[in-house]
Amino acid sequence: MITMDNIIREGNPILRQVAEKVALPATEEEKNTLRDMLEFLKNSQDEALAKKYHLRAGIGLAAPQLAISKRMIAIYLDDSDGKHYEYMLFNPEIVSESVENIYLEGGEGCLSVDREVPGFVPRHARIKVKAFDPDGKPVKLRLKGYPAIAVQHEIDHLNGILFFDRINKDDPFKIPDHVAEHNEL
Ligand code: K2U
Ligand code: NI
């Protein structure tokens, strides 16, 4: 099982690399890694298991965070309406994105960043994503709000981008451009 010991931290150059596309069909090892990534997220959100294995809660994970520079991500979250989102994706690609931005009022964190970095992280409010599932089947997702933020955070990891790269250096809490009123996130 994946634990925090497997997650590399800020300063490791792998986090700043552009990850390689996975040649499809994926190998059994790549499929197992993707399944293990999803299981980590589930475990990290289970109070007893998180306590037992000292896991930091996560709603997304990208393979480069495991020192595997491949384009693979997992998502496991419930949005504010209680809708569940669970994905294991190979080669995810944002194929369209809204001009409208959103951001989390509390800012973002990262399992690979062991420090608080305060500030608003502008994200596209809506995205369309193309990817492949563990069986190699094409997947098309239309996401908005919280799941859209999580997928953008993870795809950033595949491109060597960390969340604080996107915080306004001069005014971290400046409301990002193109944000609609009542950003309820
Ligand atoms: O990639 C990661 O390090 C996992 C992040 C992903 C993430 C952070 C902020 C906003 C969206 C996604 C972790 O989930 S950070 C911990 C966390 C846990 C619950 C809710 C938000 C952030
Ligand atoms: Ni992260």
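The values are calculated or read from the model by the stated rules, or taken from the named source; none is laboratory data. Computed from a prediction, not measured in an experiment: that's the story for all the values here. Note: ideal-geometry Cβ built from the backbone for every residue, glycine included; neighbour counts use all protein chains shown. In case anyone asks, the SASA skips ligands and DNA or RNA and just uses the protein heavy atoms, side chains included. Shrake-Rupley method; radii C 1.70, N 1.55, O 1.52, S 1.80 Å.
For the chain, what is the calculated [θ] at 222 nm in deg cm²/dmol (nearest 500), taking -39500 (n - 2.57) for each run of four or more DSSP H residues and dividing by its residue count? Before the final figure, lay out the partial values.
Numbers: 3 runs with 37 residues, N = 185.
Dividing the helical sum by the residues of the chain leaves -6500 deg cm²/dmol.
Taking the C-alpha atoms only, the angle from helix 28-44 to the longest principal axis of the chain is near 50 degrees.
At a 1.4 Å probe radius, carbon and sulfur cover how many percent of the accessible area of the range 4-182? Taking all protein chains in place, the range 4-182 shows 50 percent carbon and sulfur surface. Non-local lysine pairs in the range 1-150, meaning eight or more places apart or on different chains, with alpha-carbon distances under 15 Å, amount to 12.
Loop-located GluC sites (Glu not before Pro) in the range 1-60 (DSSP state other than H, G, I, E, B) with a sparse environment of at most 14 neighbouring Cβ atoms within 10 Å: Glu10.
Just add up the charged neighbours of Glu97: K/R +1, D/E -1, any other residue whose Cβ is under 10 Å from the Cβ of Glu97. Net of charged neighbours comes to +2. The residue among Ile8, Asn91, Phe164 whose Cα reaches farthest toward the positive pole of the charge dipole of the chain, with charges on the beta-carbon of Lys, Arg, Asp and Glu, is Asn91. About its Cα centre, the dipole of the range 36-185 is roughly 440 debye, where the only charges are +1 on Lys and Arg Cβ and -1 on Asp and Glu Cβ. Taken one residue at a time, the phi angles of the range 76-82 give Karplus couplings (6.51, -1.76, 1.60, θ = phi - 60°) of 8, 7, 10, 7, 5, 8, x Hz. Gly and Pro are set to x. Using the Cβ-Cβ distance between Asn6 and Glu97 with R0 set to 41 Å, the FRET efficiency works out to roughly 0.85.
In this structure the chain gives 53 Å² per residue of accessible area when probed at 1.4 Å with all protein chains present.
The mean sequence distance of close C-alpha pairs (under 8 Å, at least 6 residues apart), as a share of the length of the chain, puts its relative contact order at 24 percent.
Principal axis extents of the C-alpha atoms in the chain (largest first, rounded to whole Å): 46, 36, 35. Each of Tyr76, Pro122, Asn32 was scored by the projection of its Cα onto the charge dipole of the range 4-182, and the greatest displacement toward the positive side belongs to Asn32; charges sit on the C-beta of Lys, Arg, Asp and Glu.
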